[in-house]
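Below: one structure, written as structure tokens.
The values are calculated or read from the model by the stated rules, or taken from the named source; none is laboratory data. Fair warning: this is a prediction, and the values are worked out from it, not measured in the lab. Quick reminder, even Gly has a Cβ in these numbers, built from the backbone with ideal geometry, and neighbours come from all protein chains shown.
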Amino acid sequence: MYVRDAKNREEVWLLDHIEAMGLDDAAFRSRDYVVALDEETNEKAGFGRIRVHKADEGEYCELTGMGVLEAWRGQGVGAHVIERLIEKAGDAGFEEVYSFALEPNYLAQFGFEPVPTAELPDLLRRRLATKRESMDDEIVAMRLAVDAFEMPARLREAFKMAVPVDTEEREPEERAEDFGIDPESATYKYDTGR
């Protein structure tokens with residue numbers, strides 16, 4: 001497993017999964033995303049995004065649009081997506097990142113702490129209000145100093161061994177070559193060659 005920057009050609013895949021998971025797609029740009037992939041099959045397992053908010057008083061970095069496909073959940077994929085996003089934020093010069101979470105305990109394991117609404121910069125306070133209106137009233141604002149990120153060892157190990165949970169249930173796709181047929185030279189089913 002590894003996490004890399006999203007490619008433009010993955011835009012449709014990202015939008016489909018963002019919609020299916022009911023995630024925030026405001027101001028969507030595929031280049032802001034990272035994607036977790038299985039290095040053997042190139043199967044996509046999860047994704048997340050950095051969104052930079054610019055205001056007169058400064059710029060703020062938000063981690064948003066994070067999702068893990070169901071078959072890959074519980075295996076450290078989301079943790080590594082978050083790690084990569086935080087690295088990107090640090091590389092871009094941000095000292096802290098924000099995220100708005102329905103499950104604040106998940107982010108807390110990495111060092112994120114809740115931020116009272118009154119302590120948020122105005123721009124992020126408005127963003128939180130918008131997310132609560134459009135998604136859920138229970139969303140909590142979280143903040144993390146980039147250099148305070150901690151990856152739990154169990155999630156690092158799980159990510160190294162991650163496999164989709166339904167692997168055994170999948171039937172392998174049958175191909176013409178499996179039956180000794182060369183698809184380049186094969187003729188139609190009822191072609192008698194006359």
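Taking the criterion of being surrounded by 12 or more Cβ atoms within 10 Å (Cβ to Cβ) and among the acidic types (Asp, Glu), the only residue of the stretch 112-135 that qualifies is Glu113. Scanning the stretch 51-93 for residues that are among the hydrophobic types (A, V, I, L, M, F, W, C), surrounded by fewer than 19 Cβ atoms within 10 Å (Cβ to Cβ) and in contact with a strand residue (DSSP E or B) (Cβ under 9 Å, 6 or more places away or on another chain) yields Val52, Leu69, Ala71, Ala92. Sub-7 Å Cβ pairs linking a first residue in the stretch 103-125 that is in a helix (DSSP H, G or I) to a second residue that is among the charged types (D, E, K, R), at least 6 apart or interchain, are Thr117/Arg125, ordered by first then second residue. Within the bounds of the stretch 141-164, is there any residue that is surrounded by 10 or more Cβ atoms within 10 Å (Cβ to Cβ), of a type in the set (Lys, Arg), modelled with pLDDT of 85 or more and closer than 17 Å to Arg51 by Cβ? Yes, the stretch 141-164 has at least one match. Being part of a helix (DSSP H, G or I), over 18 Å from the mean Cα position of the chain (by Cα) and loosely packed, with under 15 Cβ neighbours inside 10 Å is a condition met by no residue of the stretch 36-49. Annotation: Trp72 fulfils all but one of (1) touching a Leu at 6+ places or on another chain (Cβ under 9 Å); (2) aromatic (Phe, Trp, Tyr); (3) over 17 Å from Leu128 (Cβ atoms); the unmet one is (1). Of the set (1) surrounded by 15 or more Cβ atoms within 10 Å (Cβ to Cβ); (2) touching a helix residue (DSSP H, G or I) at 6+ places or on another chain (Cβ under 8 Å); (3) farther than 18 Å from Phe110 by Cβ, all apply to Arg31 but (1).
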